[in-house]
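Remarks on the structure that follows.
The values are calculated or read from the model by the stated rules, or taken from the named source; none is laboratory data. Owing to the predicted nature of the structure, the values given are computational and were not obtained by experimental measurement. Here the Cβ is made from the backbone with ideal geometry for all residues, glycine too, and neighbour counts use every protein chain on show.
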Ligand SMILES: O=c1ccn([C@@H]2O[C@H](COP(=O)(O)OP(=O)(O)O[C@H]3O[C@H](CO)[C@@H](O)[C@H](O)[C@H]3O)[C@@H](O)[C@H]2O)c(=O)[nH]1
Ligand SMILES: O=C(O)[C@H](O)COP(=O)(O)O
């Protein structure tokens, strides 16, 4: 278990607490606290007087004032009562912050203690620029106090979260509690909606045995609420800053900022100066938190329901406002059981009743059953994907069919919908075009649904989407966490603007959805993508062996995209084959080596025939 370590105590006096304090009153106020911290670390205090000379004058002009400060220090109270070595140092600088920084370096300071009486802070400006600056780029650990000098401390509140400032906050709380003969209440507050890792909680438990800790408060509410609730029972709060490096707006972070404004207690802010590696780890942690918040926000703002578009007349009005046409391609491979019903419903509801769709075509991958015949009988144009752009050859697979469909479809918005759906409803199509018609900022919209699964005659309400849950979502969460809020990344019902779709490559097999999502994300950003609740979808559940192949192809696509992002080579030719396990009739198993590889078709807009057909100028050579 990882334990929270407080700082190691050096054996000599080499731990230096730097106390910038020029006036006698400030020295009197702060020195006891600086001495308490130094004593805890077997260290010493260096009192620093900074003489500031205006920029347009030479530093030598500070000579007289330096002499004055020296005399003031000499007259100050007897330092020997503090039981730690105390020295005074005077430095001359053009700027207070520079003076403190330079001295911190020259004196080998481990910690700078800054402070001011509470009555001097206004609600507008909590700190002056020097403190902001030192907190943002600390030359060593920095502790800032907003102090009520009249108060007797009985209890110190120590909110902890296991972050990089926690060990320092513990040290400071202990030293100050010792000095005031006060007790410490450790407060661990977690947001119930974003629980901490169990290891964080476990490591914080070790703080229970820290000296002077008499109370352990665990709260399942946001930190700000928890701290303010405990505030009246405590005289001081020791808080780690959360501000981000280089962020001028947030030198102390939003939590500390709000506590400072709302609490009347003495507030002690601690900022641990991280080593480069610690800082990097912290940045990554922060980025992950930010990303998680981005995904949550996207989820709230970009998740639609097909019911929002049940009023088809209204939806049609949106279509007219945008002045766009819509084409639907239905990919098929042996779908005679369902294709007739699907086309029939679409023609009735989305063409005859309300002309939402301008075109429906069937793109078949070579069915051996009556699929093409049934579609043709409904008056739908039927294409064999192998015959479209045949000069470019033909790969097997659904992705190839979708890529080629871009060539034959006319519309500005292109929709695709699987044809093995057993509980088809027109919302599978109007649901996915709805967000695009409503919001021009969106380029792509994808369906999601509850997924029953069928075993023989029995249907279980949940459990479908095996590749989605066991392969695609874990992979996307790992490597494309921006897409972690997509509920059904593999769903076969989606629509996009032609202008976006013709600019992305297509994988030829079952990798097509995954590649398209990643590529659209990279080109247009998360906020251009939407997902739509299509309620429930029951389809033909495939056996495990074909799903295993599907998962293999999807994994290849993710790795391939990562290769391009990271500019590394991970997939060797041998990774394009998989040993499939088949069960023999005699009960035994056999291994069958199969090549599984989605080919990558270039963006359709790179194909000269397509450009000619759509009246686009030829691309410049090279
Ligand atoms: O060579 C092919 C293979 C399939 N299909 C059609 O594509 C659709 C989906 O194929 P299916 O085999 O039913 O896929 P699922 O097992 O349902 O796989 C899910 O996951 C795949 C991988 O992301 C997606 O392509 C699917 O749309 C999605 O439903 C169906 O209409 C098929 O008829 C073709 O047009 N050509
Ligand atoms: O989307 C998926 O994960 C695959 O199509 C498998 O779906 P199923 O487990 O519902 O058959």
Can you give me the number of residues within region 565-620 that are under 19 Å from residue 502 (Cα atoms) and in a loop (DSSP other than H, G, I, E, B)?
12
Kindly check whether there is at least one residue in region 526-544 that is assigned to a helix (DSSP H, G or I), over 22 Å from residue 604 (Cβ atoms) and within 16 Å of ligand 2 (Cβ to nearest atom).
yes
Single residue of 391, 386 found to be surrounded by 15 or more Cβ atoms within 10 Å (Cβ to Cβ), farther than 26 Å from residue 444 by Cα, touching a helix residue (DSSP H, G or I) at 6+ places or on another chain (Cβ under 9 Å) and in the same structural domain as residue 508 (by TED's automatic domain parsing)
386
Could you check region 356-367 and list, in sequence order, the residues that are within 12 Å of ligand 1 (Cβ to nearest atom) and buried (at least 18 other Cβ atoms within 10 Å of the Cβ)?
362, 363, 364, 365, 367
Just need a number here: residues in region 479-491 that are in contact with a helix residue (DSSP H, G or I) (Cβ under 7 Å, 6 or more places away or on another chain), more than 23 Å from residue 563 (Cβ to Cβ) and not in a helix (DSSP H, G or I).
1
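Each row is one residue, and each column tells you yes or no for (1) under 30 Å from residue 307 (Cα atoms); (2) at pLDDT 95 or above; (3) outside the structural domain of residue 389 (by TED's automatic domain parsing); (4) away from ligand 1 (no atom under 16 Å from the Cβ).
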{"residue": "533", "(1), (2), (3), (4)": "yes, yes, no, yes"}
{"residue": "537", "(1), (2), (3), (4)": "yes, no, no, no"}
{"residue": "585", "(1), (2), (3), (4)": "no, no, yes, yes"}
{"residue": "589", "(1), (2), (3), (4)": "no, no, yes, yes"}
{"residue": "603", "(1), (2), (3), (4)": "no, yes, yes, yes"}
Yes/no for residue 515 being in a loop (DSSP other than H, G, I, E, B) and within 13 Å of ligand 1 (Cβ to nearest atom):
no
Assess whether residue 502 counts as being modelled with pLDDT under 95 and either within 11 Å of ligand 1 (Cβ to nearest atom) or farther than 20 Å from residue 447 by Cβ (or both).
no
From the set of residues in region 578-622 that are in contact (Cβ under 8 Å) with a residue 40 or more places away in the chain and touching a helix residue (DSSP H, G or I) at 6+ places or on another chain (Cβ under 6 Å), which is surrounded by the fewest Cβ atoms within 10 Å (Cβ to Cβ)?
610
The strands (runs of 3 or more DSSP E) lying entirely within region 368-478 that contain at least 2 residues which are within 37 Å of the chain's Cα centre (by Cα) and within 16 Å of ligand 1 (Cβ to nearest atom) are 413-416, 444-450, 453-455
Output for region 1-26, where each listed residue is outside any loop (DSSP other than H, G, I, E, B) and at pLDDT 90 or above
16, 17, 18, 19, 20
If you go through region 34-53 one residue at a time, do you hit one that is under 48 Å from the mean Cα position of the chain (by Cα), loosely packed, with under 15 Cβ neighbours inside 10 Å, under 24 Å from residue 139 (Cα atoms) and touching a residue at least 12 places away in the same chain (Cβ under 8 Å)?
yes
Qualifying residue in region 191-198 (condition: buried (at least 19 other Cβ atoms within 10 Å of the Cβ) and in contact (Cβ under 8 Å) with a residue 24 or more places away in the chain):
no
Selection status of residue 496, part of a loop (DSSP other than H, G, I, E, B) and more than 11 Å from ligand 2 (Cβ to nearest atom):
no
Those residues of region 501-518 which are buried (at least 19 other Cβ atoms within 10 Å of the Cβ) and away from ligand 2 (no atom under 16 Å from the Cβ) amount to 501, 502, 504, 506, 508, 518
